[in-house]
Amino acid sequence: MSSLVKKYLMALTGFVLVGFVCGHMLGNLQMFLHPDWINEYAYKLQHLPYGLLWVVRLVLLITVIVHVVVAVQLVLENRRARGGENYAAKAKLQATFASKTMRYTGLVLLAFIIFHILHFTVQSVHPEFKELHTEITGTGTLWHVYDHLKPMGHTNQHDVYAMVGIGFSPHFWYVPAFYIFSMALLCMHLTHGVASMFQSLGLRNSVWTPRLRKLALVIGWVVFLGFSSLPVAGLLQAFPHQDHIQAQYEHTFDGGAAHSDAAAHNH
Amino acid sequence: MSEGTISVKLKVWRQKNGQESGHFEDYQMDDVSTSSSFLEMLDLLNEKLIDEDKDPVAFDHDCREGICGMCSLTINGIPHGKNALQTTCQLHMRSFQDGDTITIEPFRAHPFPVIRDLAVDRTSFERIMQSGGYVTQRIGAAQDANALPIGKEVADRAMDAAACIGCGACVAVCPNASAMLFTSAKMTQLNMLPQGRPEKDRRSLNMVAQMDAEGFGNCTNIGECSAACPKGISMDFIAMMNRDYAVARVKSFFGAA
Ligand code: HEM
Ligand code: FES
């Protein structure tokens, strides 16, 4: 594969990932509305027709794999090209910190992606998450606003709202801290990556360079602030329906723990 | 022009040949005229070394007027030294302070093996040129100058790319030792002109293939190349090359290039 084909692959997979990241962020921001919003959204994603959920997951998986594998190839080739002898005197002319640390920010992001999936998708970090159930009444969602639509009225559905609230709560403060740290690195990755993408694909000239740099800066920061608002709200226990999260926590975590403690005591 | 003298300490990379490993040697240079050029200062060092019956320092140079691309040297970590838009041969000692220590290293990169001391083998660039950095012309009487009108903007842009003197500073400064600034300038200066258009796709494919075969790295759009370039070649040309190559690959996939 030629050097430029590898660059195209990095840019195209990067583009898909940026698109996913922006959509994912918008979905997540429903945490600041009534619990029904995100629970209903999650329900709909889980019940997409024709196995579309798995199609999307597969496409994203392949995208990440290509992005990472090609990145590793590029890094190895570049190291070989640089040669064995390093400059004794080092100088920087204009390179940004973000541009020179793409491989490191990317590596942490890979670790983050794996942890994030184990945390909220597989739910193996806290298996208790699987037991969080609630009713989706449609209160406060669009079903309610347009009252000619019937509320979904599903009972016993997975309580994503409580899961996120508990997952980011001060009980597990190191988890939201890692999320915020990773999102800061994603911000850096994107402030270079989004501008770089257009250069790699040849869709850039000197008129567009400052515009694309600013676009990359805006996307990086919007993504950082949008995503980080959730772990921050979790740490500060500032979600609008914090009482619901607290009740679910006591029911599933504290209550469960107290229960097994009592059981152990009886023996 | 301020006439004065300064004393500087040189840390010079010495290496017998490509097989042996190199090391730094220190030289004290006293009473160097601030009006002398950097290469003249090295000439003085070599005269001194020859007087002392030692090996002079090998370094590349030719025109000494900033147009041939033969001089090199990484001076305090920057190819051609810290002054923007300047070749080493155009650098003067007035750019240094009395008492400075100046570290002088070759243009480092795997495809630029050291020949001796500060002289490196840049024939990898020649092979990239041979793979497509030319236009095929019939010999015979030149055609009428006005028979092939070229817009002023295009002509200017082609001249901006053609300003590349092929010195290799872009490779030397690039964290990835990528030759994409050089290759793109040499490719697009022809691709954007009518004389170069018939061979455009072939040129794009072959020059990138040769660049890869020489073992140069991959651009990560960091931009140090443009900043170090004595001719200020813009990264716009890399974007153009990326575009021309993509089009050529698609056309060749469908058997049209
Ligand atoms: C949320 C996930 C990610 C997003 C949205 C993302 C986005 C991007 C974008 C847009 C680019 C620029 C493409 C180009 O023009 O070269 C890029 C480049 C890159 N990414 Fe990622 N990426 C992500 C994850 C990762 C991961 C997990 C790695 C793992 C090692 C990684 C390593 C790299 C590297 C090394 C580059 C090339 C840097 C350069 O050309 O300077 N990225 N990424
Ligand atoms: S010696 Fe010719 S450009 Fe410097």
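Which whole number in µm²/s is D for the range B:5-116 by Stokes-Einstein, with the Kirkwood Rh taken over Cα pairs at 37 °C and 0.692 mPa s? Walk me through the intermediate numbers first.
Working: Rh = 14.4 Å.
Diffusion coefficient, whole number: 227 µm²/s.
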Placed amide H near residue B:5: partners under 5 Å, 5+ positions off or other chain: B:34
Debye-sum result for chain B in log10 I(q)/I(0), which assumes one identical scatterer on each alpha carbon, at q = 0.08, 0.11, 0.17 Å⁻¹: -0.38, -0.66, -1.24
Between the range B:181-257 and the range B:1-50, the Cα center-to-center distance that results, in Å: 37 Å
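State, as an integer percentage, the relative contact order of chain A based on alpha-carbon contacts under 8 Å between residues 6 or more apart. If you can, show how the numbers build up before the last one.
On the way: 263 pairs, mean separation 70.5, N = 267.
For chain A, the relative contact order is 26 percent.
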Cβ-placed point charges (K, R +1; D, E -1), dipole of chain A about Cα centre in debye, nearest 20: 2120 debye
Given charges at Cβ of Lys, Arg, Asp, Glu: the range A:16-90 dipole, positive-most of A:16, A:37, A:49: A:16
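Roughly what % of Cα-Cα distances in the range B:123-253 sit above 23 Å, to the whole percent?
On the way: 2600 of 8515 pairs.
That tail contains 31 percent of the Cα-Cα pairs.
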HN-Hα J in Hz across the range A:130-137 - Karplus 6.51, -1.76, 1.60, θ = phi - 60°, x for Gly and Pro: 5, 8, 7, 10, 8, 8, 9, 8
Charge dipole magnitude, Cβ of K and R +1, D and E -1 - the protein assembly as shown, Cα centre, debye nearest 20: 1600 debye
The protein assembly as shown - Rg (one decimal) and Dmax (whole number), Cα, Å: 30.5, 108
GNM result for chain B, Cα springs below 10 Å: residue of B:125, B:24, B:107 fluctuating most strongly: B:24
Gaussian network model of chain A, Cα within-10 Å springs - most flexible of A:52, A:107, A:201: A:52
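How large, in Å, is chain A by the Kirkwood hydrodynamic radius built from its alpha-carbon pairs?
Numbers: mean 1/r = 0.0472 Å⁻¹.
Roughly 21.2 Å, rounded to one decimal.
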Whole-angstrom gap from the range B:89-152 to the range B:154-169, using each part's C-alpha centre: 10 Å
Distance histogram for the range A:1-89 (every C-alpha pair counted, 5 angstrom bins, percent rounded to whole numbers): 3, 11, 15, 16, 14, 11, 9, 7, 6, 4, 3, 2, 0
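Where a number appears in this text, it was derived from the coordinates with a stated rule and is not lab data. Predicted, not measured: the structure shown is a model, and the values here were computed from it. For neighbour counting, all protein chains shown are included, and Cβ atoms are generated from backbone atoms with ideal geometry for every residue, glycine included.
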